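The values are calculated or read from the model by the stated rules, or taken from the named source; none is laboratory data. Here the structure is a predicted model, which means the values were calculated and not measured. No Cβ is skipped: glycine too gets one built from the backbone with ideal geometry, and neighbour counts run over all protein chains shown. The accessibility values were calculated without ligands, DNA or RNA, using every heavy atom of the protein model including side chains. Shrake-Rupley method; radii C 1.70, N 1.55, O 1.52, S 1.80 Å.
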Amino acid sequence: MLRFLTAGESHGPELVAVIEGAPAGFDIDVARINHDLARRQKGYGRGGRMAIEHDEVRVVSGIRFGRTTGSPVTLIVENRDFKNWEKRMSADPRDRGEAKAVTRPRPGHADLAGVLKYNLDDIRDVLERASARETTARVAVGAFAKQLVAPFGVSLVGYVAGIGATEARVPSDLTIDELARVTEVSPVRVADAEAEQAMIAEIDECKKSGDTLGGIVEVLVAGLPPGLGSHVQWDRKLDGRIAHALMSVQAVKGVEFGMGFGAARVRGSQLHDEIGYDSAARRFTRHSNNSGGTEGGMTTGEPLLARVAFKPLSTLMRPLKSADIRSKAEAAGTIERSDVCAIPAAAVIAEAVVAYEVANAFIEKFGGDSLAEITRNYTGYVEQLRNY
Ligand SMILES: Cc1cc2nc3c(=O)[nH]c(=O)nc-3n(C[C@H](O)[C@H](O)[C@H](O)COP(=O)(O)O)c2cc1C
């Protein structure tokens, strides 16, 4: 099994991820990790912070001459903005300054619950870690994880299916590679030119009025064999594991697979994916994929499709009502530098989060300490399926 932890504050010196359990012998292209970090920084509607940062990963352990060694992999991303925050984010008690405390919690953020829980009197102690800047480390982990499953033909794409009231059409005739190419060049990561214009207009309007926007992203995974995850225990179910990981991303309010909540409104006969058999390919087939690629907590062999709902960002330039944590007096929520809409970036983050879960399930199923061992196990399983 893989596991990882992240550490680091939004305006601290660095973000860190330590990944353990990665087998040896996998080629890791650091440029591909940096490519995903750059994708996360893009998107119409981002604020000033992304103009300051130029995220690049520094590999500190676990990769030698471009290959995993089996040792823990440490990935570090520097926060360039730290140079403007050195005193305010200092670990040295001599740099403490009362005037710098943030005392007006922003509704929708971790601010109030965080200071109450940890008995803190400066909201910055909470917001620095709760910030979605943390997802930089998770995108680095996901980009690494993608390279563990790529040798087995697994590919993923995250894209935008809606921003605010505007839904984007997702053309069903595109391959996953085409969908990735088309959405990559869209400033709002959609494959629908008309929706793109409407989304940009809505973001502009929100910016003017000091408001924020949420949206829906989708993650599509192709090339998965049937049988990743398991039905035998609650915490082995892959849909549950992916949903947990996605729900843990900042601002996520809902996750569904395939037809998702829509499945509750149709009859069983309209929903379940009928089964066939392709004798030439020697594999079972489905006439539809309303399940979104999982049944009983296992992959079915069809593409996996997760939809993720993100709420509008919590920091408003026209702040909502709040109460000061020290004086308890009514006060407007603090204004921190903020995005208007981060949904295009959210799609890249969701893609990374799913990539990690899929890679973890893959390594669990085909377990081994090296690429050679995993390849043997994978090939044997594929053969077993063909002969089933
Ligand atoms: C890519 C991304 C960027 C975000 N940027 C901001 C931001 O600029 N301002 C803000 O108030 N919230 C932002 N958020 C959302 C907050 O981090 C999040 O709402 C907050 O940490 C509370 O967590 P919760 O919404 O999961 O309860 C962002 C979220 C994501 C995924």
Among (1) away from the ligand (no atom under 15 Å from the Cβ); (2) open to solvent by 20 Å² or more (accessible area, probe 1.4 Å); (3) in contact with a helix residue (DSSP H, G or I) (Cβ under 9 Å, 6 or more places away or on another chain); (4) not in a strand (DSSP E or B), where does Gln147 come up short?
-> (2)
In this structure, does Val188 turn out to be within 19 Å of Pro312 (Cβ to Cβ) and either open to solvent by 40 Å² or more (accessible area, probe 1.4 Å) or at pLDDT 95 or above (or both)?
-> yes
Those residues of the stretch 336-367 which are outside any helix (DSSP H, G or I), of a type in the set (Gly, Ala, Ser) and either farther than 23 Å from Pro107 by Cα or away from the ligand (no atom under 11 Å from the Cβ) (or both), in sequence order | Gly367
When the stretch 361-388 is checked residue by residue, the ones that are surrounded by fewer than 24 Cβ atoms within 10 Å (Cβ to Cβ) and within 27 Å of Thr136 (Cβ to Cβ) are Phe362, Ile363, Glu364
Name the residues in the stretch 316-335 that are open to solvent by less than 30 Å² (accessible area, probe 1.4 Å), within 13 Å of the ligand (Cβ to nearest atom) and not polar (S, T, N, Q), would you?
-> Leu316, Gly333
Matching residues, the stretch 269-315, being of a type in the set (A, V, I, L, M), touching a residue at least 40 places away in the same chain (Cβ under 8 Å) and away from the ligand (no atom under 16 Å from the Cβ) = Met298, Leu304, Leu305
For Lys253, which of the numbered conditions (1) touching a helix residue (DSSP H, G or I) at 6+ places or on another chain (Cβ under 7 Å); (2) part of a strand (DSSP E or B) fails to hold?
-> (1)
Meets criteria (within 12 Å of the ligand (Cβ to nearest atom) and either assigned to a helix (DSSP H, G or I) or more than 24 Å from Val249 (Cα to Cα) (or both)) for Thr135 | yes
Would you point out the residue of the stretch 257-268, among those that are among the aliphatic types (A, V, I, L, M) and in a loop (DSSP other than H, G, I, E, B), that is nearest to the ligand (Cβ to nearest atom)?
-> Met259
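I want to confirm something. Restricting to the stretch 205-256 and keeping residues that are polar (S, T, N, Q) and loosely packed, with under 14 Cβ neighbours inside 10 Å, which single residue is nearest to the ligand (Cβ to nearest atom)?
We begin by selecting, within the stretch 205-256, every residue polar (S, T, N, Q); these are 209, 212, 230, 233, 248, 250.
Still in the running and loosely packed, with under 14 Cβ neighbours inside 10 Å: 209, 233, 248.
Working: Ser209: 16, Gln233: 27, Ser248: 8 Å.
Here the answer is Ser248.
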